[in-house]
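Scroll down for the structure; my scribbles are underneath it.
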Amino acid sequence: MPGSQPSDENELVFEWPITDTLDLHTVPARDVVGVVEAWLDEVLARGFVALRIVHGKGIGVQREAVRKVLGRTAFVESFGDAPMEAGGWGATVVTLRGQSHGK
């Protein structure tokens, strides 16, 4: 995410444009929680309210990791399966609380 630094010289740092959609298909499972947490902080700072996280269908490991993060994030108002035309259970739609509610 923006401003991140590698923790060792062999680690690669990727920066993604911050939009209302996060596609996790290329994110290694071990990095999903950190990427989602950092992205949520960034979209909140930019004033986004309606979001979509694409985690894929698979066996549900990424979906569960994403939803654990969302469930413990104070500024997340609600989340659930995306409509079928937006990914169905392979994506999660998220509504953030307004900026005035803070974290």
Would you mind checking which residues have amide H under 5 Å from THR21's amide H? H placed 1.01 Å from N; only 5 or more apart, or other chain.
ARG52
Based on the Kirkwood radius over alpha-carbon pairs, what is the Stokes-Einstein translational diffusion coefficient of the range 21-101 at 10 °C with 1.306 mPa s viscosity, in µm²/s?
126 µm²/s
Given 51-63, 25-37, the highest-first ranking by average Cβ count within 10 Å works out to 51-63, 25-37
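Computed from the coordinates by the stated procedures, all read-outs in this text should not be read as laboratory data. Just so we're clear, the structure is a prediction, and the values are computed from it rather than from any experiment. Every residue, glycine as well, gets a Cβ built from its backbone with ideal geometry; the counts of neighbours run over all protein chains shown.
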